[in-house]
Structure formats: C-alpha cells, structure tokens
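Scroll down for the structure; my scribbles are underneath it.
The values are calculated or read from the model by the stated rules, or taken from the named source; none is laboratory data. Every value quoted in this text rests on a predicted model; they were computed, and no experiment measured them. No Cβ is skipped: glycine too gets one built from the backbone with ideal geometry, and neighbour counts run over all protein chains shown. Protein only, heavy atoms only, side chains kept; ligands, DNA and RNA dropped before computing areas. Shrake-Rupley method; radii C 1.70, N 1.55, O 1.52, S 1.80 Å.
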Amino acid sequence: TGELETSNRAIAREAEERARAQQEVMRLNEQLEVRVHERTLQLETANAELELAMEEAKEANQAKSAFLSAMSHELRTPLNAILGFAQILTSDSLPSTLPQKKEFAGHILKSGRHLLTLINEILDLAKVEAGAMALSLEPVALGEVLSECRTMIEPIATGRGIRILFPEDCKAVVSADRTRLKQVLLNLLSNAVKYTTKGKLLLGCR
C-alpha cells in the first residue's frame, strides 16, 4: 500500500509538471502570436507608406514630364518670333527707317521677356513637383495682350504664307493671370498656324 501511494504521488507530480509545462507552452505561444501580429501590422504600415511614397513620386514625375513637355512647345513661339524679327533686322531692304528698327527691336525685347518668364518657371522645380502653378489674378487689358501675341505670331504665320486677322480696337478687360492668358492665346494661335496650310485665320473676341 505504501509503495502504491508513493507511486500515485509521483504520478500526480508528473501530471502537475506536465500541466505547468503545457500552460507555459501556451503562454509562450500567445506571446509569439502577439509579437507576430504586431510585426505584421508594422510591416503592413511600412508597406503602405512605401506605396504612398512611390505613388507620390510617380505623380510628381508625371507632373514634371507633362509640364516640361508643354513648356517646350510654348518656348518655341517667342523664340521663333525673336529669330523672325532678328532676320528682318539683318535684311538689306527692311527695316529702312530708324522708327521701324526701333519697332522691331521692341518686338524682340517683348518676346525675350516672355521667353525669360517661361524659362524662370521651368527652373522653379518646386512648383513643377507640386503639380500646380500659382495664379496671380488681376485686371488685364485684352487688347494689349492680343497686340503682344500678334507681334510674336505674325512672323511665324507670314513665313507659312498665312494671314491672321485680329479683332480691331478690343476694349475688353478680363480678370486673369497675364502670363497664363498670354500662354493660352499663343498656344491657340501657334496651333492654328501649325495646322493651317494656306489662307487666313480670324481671331474673334466677344
């Protein structure tokens, strides 16, 4: 009987030790699951942040590419005007008087200033990467802008045998960003000249 009781107590101790061991294993497993879950959340957060950063970088590059592509087109118009008036100034027949020379030099100066404004915007990469350009709205005399556009676009049109008719005595005043408005009109006019083979173009204003 004594040996049986001793054996039973030994068995009971072993059972208790196994139970404690199982509980410890369960506790360690729970801790491991918690750590795995936390690490998984950290990785998911890091991946989400990485994807967002990559998407932002992609959008910035697309905005930059679109901006530079558009600007490369817009730079040609004032540059062609400068070259056109410069060629006229080097001609033996025209201009023949000092006022004419001053007028053509003034056209070159205006085109050069517009070209410089566009180049400065290209160099301002912070605005480009933001994907938007700031607007400076002010009252703009439309007739003055049309006159400046006319001096830049006419040499190009004349070289292609195209005549452009502008509205006479335009008194309209609009609320706009002067540089942007000029860019829009020059794009409109340069495309009209580019895709017209002969004849004339009529620009209306109302």
Single match in Lys64, Lys58 (criterion: in contact with a Leu (Cβ under 8 Å, 6 or more places away or on another chain) and either of a type outside the set (Asp, Glu) or open to solvent by less than 100 Å² (accessible area, probe 1.4 Å) (or both)): Lys64
Enumeration of residues in region 181-198 that are among the charged types (D, E, K, R) and surrounded by 15 or more Cβ atoms within 10 Å (Cβ to Cβ): Lys182
Residue check, Asp169 modelled with pLDDT under 85 and among the acidic types (Asp, Glu): yes
Verdict on Glu16 being surrounded by 10 or more Cβ atoms within 10 Å (Cβ to Cβ), more than 30 Å from Ser190 (Cβ to Cβ) and at pLDDT below 90: yes
Counted residues, region 148-163 - those being open to solvent by 60 Å² or more (accessible area, probe 1.4 Å) and either not in a loop (DSSP other than H, G, I, E, B) or not basic (Lys, Arg) (or both): 5
Region 164-191, residues that are over 25 Å from the mean Cα position of the chain (by Cα) and either in a loop (DSSP other than H, G, I, E, B) or among the charged types (D, E, K, R) (or both): Phe166, Pro167, Glu168, Asp169, Cys170, Lys171, Ala172
Pairs where the first residue, in region 46-65, is closer than 21 Å to Ile122 by Cβ and the second is in a helix (DSSP H, G or I) and open to solvent by less than 100 Å² (accessible area, probe 1.4 Å), C-beta under 7 Å, 6+ apart: Ala60/Glu129; Ala63/Val128; Ala63/Glu129; Lys64/Val128; Lys64/Glu129
Where a residue in region 177-189 is among the hydroxyl-bearing types (Ser, Thr, Tyr) and its partner, wherever it lies, is assigned to a helix (DSSP H, G or I), with Cβ under 9 Å and at least six apart: Thr179/His114; Thr179/Thr117; Thr179/Leu118; Thr179/Glu121
